[in-house]
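**Q** If you scroll down you'll find the structure; I have some questions about it.
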Amino acid sequence: MWIKPELVSPSALWTTEQCNEWFYLEKRRGHGGDIGLPGALLKSMDSFMTNILPWRILYAVDELDSRYQIAAGWDEGEIRSRWEFLEKECVPMLAEMDDQEDRTTFVLAKINSLASRAEKERSSQEPKKLKEASIKFRQTFSYPDSERLVNFFMCTYSNRPGQIYLSVNHLSFYSYVFGSELKVVCRWIDVEKLELKSGLLSYVVKVRAKNDNFSFHFVSEEPFKTMQQLADIACRNLMDGDPQRTDLDSGRQIKAKTESLKSRLDKRQRTDKIRFFFRLPSAEILDGKTDCVLHVAFERNRAEAGGLFVFKNFICFKSSLPNSLTLVIPLRFVTHVEGMDSSNAVKSGISVSVSEPLINSAGEKAKQNFFFGSIPDRDDVLKIIRNFWKQIRTPMPSASSPVTVCSPLAEQYSTEPAGRKAADIDYRQVELENASRAAANDVKMKLWELHFQEFGRGVAMYRTSKLQELVIKGIPTCFRGELWLTFSGALHQLRASPGKYAEYVNSCNESNSFAADEIERDLHRALPEHPAFQEDKGISALRRVLNAYALRNPSIGYCQAMNIVTAVLLLYCNEEQAFWLLVAICERLLPDYYNKRVVGAIVDQGVFVGLVKQHLPKIHGRLAELSVVDTLTLPWFLTIFLSSMPFHAATMIVDAFFLDGAVVIFRVALAILRENEQKLLDCRDEGEIMLLLSAYLESVFSREAAPKSHQTAPKDVLNSRAGTGQEITQLIRHAYQHYSLISADSIEKLRMDQRLRVIRDLENNTMRSACRRVNTKLGYEEIESLYRLIREEAMSRRYHDEEIRDCLFDPEKPAESQFRVDPPLWMSLGKELLPFGKGLVGEEICGRIWKLLRKDSKGFVSFEDTCSTFGDLCRGTSSDRLRVIARCQKPPAVKQAKKDSYCLVSCDETGQAGSLTSSTEVVAKVVLKEDFFPEVDAPTRPMGNLLGGGAADLDPMKTSGSWAGVKHLESRPDSLEIVGPGGDAPTTLTNDLSNLEINNESYFNETPNSFNYDEFTAFNLLIYKLFGDVSSGTGQTERTELAHAISLMTELGEAKRKHQASGKAKSRTKSKDSAEINDKEVNQDSDEAEIIEHSDCAESNEWTLKYSQMEAILFQEDNIREFFERQTDIRIEAEKTLRAIIHQK
């Protein structure tokens, strides 16, 4: 690359490769072929320096050795192209100049222009040191340009100093010490655990991936945080179904050209955190944050210090004191934004006026004024807010029309319990209880109304600790839907997407969603005790909401437990509002809970186990002994206790959940275990524990609900134990008091660690499921090793070739068919694992076997069929293996022969036909003429990510991370040649396997019936060459026995041919005697008649030999039989290959 000229001094560390009067092309010692002890030492030092590239071009200013470095590069081809440019464009012009100063001015101006242009063209926007490291990183590991470097650090690995490169998809380590090179590569999606340990002078980061452990020593904690971020992003993308996605760009602030990818990653993490805290839509991007002071209206002379966060559609405030004060202002309802003069009470301030329509009454609006002061750079902040405000100032139709919370189900089926008038009930007692509940509800209503008057109502209300206390006491039924929409942030999407729900419903009516059948089965299981869902009205509403969400988010579709949560939402909101609340739960409040594998819920189960171990160690020890934590608590998390507690009690937990998020579930679950600690310790088995907790949860009650004996039909979800246990308000309050230190931030940190483990566990479960379903002769460990190897190739391609990144993996298919094999991967697997050796004949056999296998519509072989094939070849009987080699001589393994393509007669020097050439003679000629099958040792297996897919002299790291040759196999001059039928061009191992016709059925297990002469000869030649392959472990003994067997088979075939020819000759003689013939034809020469007879035999392919006869003769030879009886364990080679991919020395 061109660089801006900088003065350098001549150095003995560089050697001149090429020069002219003005320019010098130099190479750094230690690179290339001059590796000696000094070169090794120099290269070892250079491995720790990212700004030194092995090639450079200098411009000589004068005879005093003043030189400018004008170009540098890692690749010789690149630097040579720069040299050719100088010789063509600059040298002729310099030769015409007489003054040295003019030459220098010209060269420096020219190079500066080229360097500036190259700088602008570079897509990378990273600092200089990171750019230099990126170049070295990509050249060292042969990553594509899409693999972007985030950061790099000096560290030690296994007591070897080197550099660790953290990119968007990989952790890569490189070390070069005294001529010994080490490369370690690990994908983030393969990381199982990250652990940080603080030492006296350093930090140790332990990485566990693919059952290997790596320990890196650093001098700071920063590398660990970066690793956590990248591993977490990889896990999230893998859960979303796209492990290669690296959408780190987000927001206006990222457009700065000097901003690094690491800065963007940090800003993305910070944006996600702040957006979730304020419950904003996922499309909102943080534009900026500044310090300020909020002058609150509910308390005189109170100024709350904190931070002002500006989004495109919102202004948010968060107090610097925890749980003190937060505020969310939608710019949609802002009426004025003005700056405040310093003469006012608020200095350097901004005034914001809001008029927000309330969602509980038509025409009523909440009007408030907010004053932010002490804002640094107030004018700039005001300008940004005004620009955003002007873009959305024109109100949308939904902004002027109030949204009302009205549940048709709640109107028809009141959620408030009422007394039952029956003869056996004490009416006075019922009236007293009803009056008591009514008075309590009136008090609760009054408290909320006072709170609205003091702190405001709607989205732009002041949210303080008093709000949390009110929510713990319970939200009145008439306010519940409104506040759920407000707290969850669902109201923002409801207002921003008017009519969207109706579109989803109409689309579902026109065509059923893919999850419609699952939804239909679960409709009647949602709150079956409630009358609203015992009739068609409630069932239809539930069906529409669930189908609409399945259409909106196909990646989730429908999951069990969504029906219960949605049914409760419909009791307090109308359908559209319930739909957007469901969106908020599934996509923000409980992310990944309701996908196909409920990954989010499983992750939180791991987090909960860790919290129990930390806060309730005795209970953790007892539950760990019985292994019942997951069984007990998973329904609590999936349904937010709605399926485990009485209805009215569970809805109060849902109130707190919408306010504070998933942390409420953790706190309440811990409180439940704490309340039953001693009883849990006394339980003898898991059955007692389950009965104990089930009884406790069923006994929890709410004062909103009537006692069971006084309930009217429809009855509450309360059972016979209702009202006998703890009151729900006390339980929630205890949860907040005892576990207040468990925050959303701490939960998210714990989730990051658990995601790594859960993803690996789920993939291991998928692997085990796939391996168990495969019907093959391989052992389970062998199947697992083969699965890992194919998965490694599939995952590698996802990061290195966009055109073929998904060709080997289809997540929509069953576990045993998700991974597939293409021709290059099949050839690599065959050379590494099959018992035919790693030479050319082994490649030829693998190529022919591929043509026999059944393939899908894209021409790939499934993992199941691959295992079955390897089982027959590696663990099958001797007959199985010989049958496969024999079947390789038949179509479609070879081209279909033409009828006149074989000539079984030999010709003498005069061109006359002679006797048939025997197979023994053919083999004898091969023995005498070894160059027909040149002896080729097994190619040296290159280490790295190309372990059998190409030529041996390839650099293992120059194959784009794929150890199997991804491109079509190229022709090689030393290929095994077997002359095809009819003089066709020799067939080689390089047949383009990708362009074959797709087999709808497998020919692999077919047993050939008989062989003609040419097929018989080719079969013998193939076995002869297989016995000569050094890597197959055979030699001259087997060849000698093969020659003897061929002689016997040839004699048997000849005898059969002569017998058939004799019979046909007699038939032909009889027909000639019965017809009239000319004297000339009768006196024809007998030798010519013999030639015609032989020619007819050849055209009719009368020389045949049954396969069963060939097998019997071959297996009479002891060494041949022993060769085909050898069992091959592919596990060892597969594991060795996998380890070589990670540790690339």
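**Q** Name the pairs: first residue in the stretch 614-629 and free of Cβ contacts under 8 Å to residues at least 12 places away in the same chain, second residue charged (D, E, K, R), Cβ to Cβ under 6 Å, at least 6 apart or on different chains?
**A** Qualifying pairs under 6 Å: 620/613.
**Q** Does residue 495 count as of a type in the set (Lys, Arg) and touching a helix residue (DSSP H, G or I) at 6+ places or on another chain (Cβ under 7 Å)?
**A** Judged against the criteria, residue 495 is a match.
**Q** If I go through the stretch 511-526 residue by residue, how many of them are within 13 Å of residue 562 (Cα to Cα) and part of a loop (DSSP other than H, G, I, E, B)?
**A** The qualifying residues number 2.
**Q** Quick test for you: out of 558, 549, pick the one residue that is under 26 Å from residue 664 (Cβ atoms) and part of a loop (DSSP other than H, G, I, E, B).
**A** Unique residue meeting the criteria: 558.
**Q** Can you pull out the residues in the stretch 852-861 that are surrounded by 20 or more Cβ atoms within 10 Å (Cβ to Cβ) and either assigned to a loop (DSSP other than H, G, I, E, B) or in contact with a Leu (Cβ under 9 Å, 6 or more places away or on another chain) (or both)?
**A** Those that are surrounded by 20 or more Cβ atoms within 10 Å (Cβ to Cβ) and either assigned to a loop (DSSP other than H, G, I, E, B) or in contact with a Leu (Cβ under 9 Å, 6 or more places away or on another chain) (or both): 853, 855, 860, 861.
**Q** Do we have residue 1102 as within 50 Å of the chain's Cα centre (by Cα), modelled with pLDDT under 85 and surrounded by 13 or more Cβ atoms within 10 Å (Cβ to Cβ) here?
**A** No; evaluated as a whole, the condition is false for this residue.
**Q** Additional query: Given the conditions (1) at pLDDT 90 or above; (2) surrounded by 14 or more Cβ atoms within 10 Å (Cβ to Cβ), which single one is not true for residue 291?
**A** Only one criterion is unmet by residue 291, namely (2).
**Q** What strands (runs of 3 or more DSSP E) completely inside the stretch 20-130 contain at least 2 residues that are among the basic types (Lys, Arg) and at pLDDT below 85?
**A** 23-28
**Q** Return the residues of the stretch 256-283 that are at pLDDT below 85 and not in a helix (DSSP H, G or I); say none if nothing qualifies.
**A** 256, 257, 258, 259, 260, listed by residue number.
**Q** In the stretch 81-94, what residues are surrounded by 11 or more Cβ atoms within 10 Å (Cβ to Cβ) and of a type outside the set (D, E, K, R)?
**A** 81, 83, 85, 86, 90, 91, 93, 94
**Q** Condition first: part of a loop (DSSP other than H, G, I, E, B) and either modelled with pLDDT of 90 or more or touching a strand residue (DSSP E or B) at 6+ places or on another chain (Cβ under 9 Å) (or both). Now tell me which residues in the stretch 361-378 satisfy that.
**A** 363, 364, 374, 375, 376, 377
**Q** Taking residue 174 as the residue in question, decide whether it is more than 20 Å from residue 260 (Cβ to Cβ) and at pLDDT 85 or above.
**A** So residue 174 fits the description; yes.
**Q** Identify all residues within the stretch 577-599 that are within 24 Å of residue 670 (Cβ to Cβ), in contact (Cβ under 8 Å) with a residue 12 or more places away in the chain and of a type outside the set (Asp, Glu); write none if there are none.
**A** 585, 588, 589, 590, 593, 594, 598, 599
**Q** Can you pull out the residues in the stretch 745-754 that are buried (at least 16 other Cβ atoms within 10 Å of the Cβ) and farther than 12 Å from residue 605 by Cβ?
**A** Across the stretch 745-754, the qualifying residues are 747, 748, 752, 753.
**Q** Does residue 358 count as closer than 26 Å to residue 488 by Cα, aliphatic (A, V, I, L, M), in contact with a Lys or Arg (Cβ under 9 Å, 6 or more places away or on another chain) and at pLDDT 90 or above?
**A** Considered against the rule, which asks whether it is closer than 26 Å to residue 488 by Cα, aliphatic (A, V, I, L, M), in contact with a Lys or Arg (Cβ under 9 Å, 6 or more places away or on another chain) and at pLDDT 90 or above, residue 358 comes out as no.
**Q** Just one of the numbered conditions (1) modelled with pLDDT of 90 or more; (2) touching a Lys or Arg at 6+ places or on another chain (Cβ under 8 Å) is not true of residue 351; which one?
**A** (2)
**Q** Continuing with the same structure: Look at residue 849 and say whether it is over 20 Å from the mean Cα position of the chain (by Cα) and in a helix (DSSP H, G or I).
**A** Judged against the criteria, residue 849 is a match.
**Q** Ok, one more. Given (1) under 21 Å from residue 471 (Cβ atoms); (2) modelled with pLDDT under 90; (3) not β-branched (Val, Ile, Thr), identify the lone condition not met by residue 716.
**A** Condition (1) is where residue 716 drops out.
**Q** Has the stretch 1032-1041 got at least one residue that is crowded, with 21+ Cβ neighbours inside 10 Å, outside any loop (DSSP other than H, G, I, E, B), at pLDDT below 85 and under 43 Å from the mean Cα position of the chain (by Cα)?
**A** Within the stretch 1032-1041 (the criterion being crowded, with 21+ Cβ neighbours inside 10 Å, outside any loop (DSSP other than H, G, I, E, B), at pLDDT below 85 and under 43 Å from the mean Cα position of the chain (by Cα)), the answer is yes, since at least one residue qualifies.
**Q** Please go through the stretch 443-477 and pick out each residue that is of a type in the set (Val, Ile, Thr) and modelled with pLDDT of 90 or more.
**A** Hits for the stretch 443-477 are 459, 464, 471, 472, 475.
**Q** Looking at the stretch 3-19, is at least one residue in contact with a His (Cβ under 7 Å, 6 or more places away or on another chain) and either modelled with pLDDT of 80 or more or not acidic (Asp, Glu) (or both)?
**A** No, the stretch 3-19 has no match at all.
**Q** Restricting to the stretch 579-594, and then to whatever is in a helix (DSSP H, G or I) and out of contact with any Lys or Arg (no Cβ under 8 Å at 6 or more places or on another chain), can you tell me which residue is surrounded by the fewest Cβ atoms within 10 Å (Cβ to Cβ)?
**A** 587
**Q** Of everything in the stretch 168-183, what is among the hydrophobic types (A, V, I, L, M, F, W, C), closer than 20 Å to residue 231 by Cβ and in a strand (DSSP E or B)? Give them in sequence order.
**A** Answer for the stretch 168-183, where residues must be among the hydrophobic types (A, V, I, L, M, F, W, C), closer than 20 Å to residue 231 by Cβ and in a strand (DSSP E or B): 171, 173.
**Q** When the residues of the stretch 611-632 are filtered to those that are outside any helix (DSSP H, G or I) and of a type in the set (A, V, I, L, M, F, W, C), which remaining residue is farthest from residue 645 (Cα to Cα)?
**A** Going through the qualifying residues, I end up with 616.
The values are calculated or read from the model by the stated rules, or taken from the named source; none is laboratory data. A quick note: this is a predicted structure, and the numbers were derived from the prediction, not measured. When we count neighbours, we look across all protein chains shown, and the Cβ atoms used for this are built from the backbone with ideal geometry, even at glycine.
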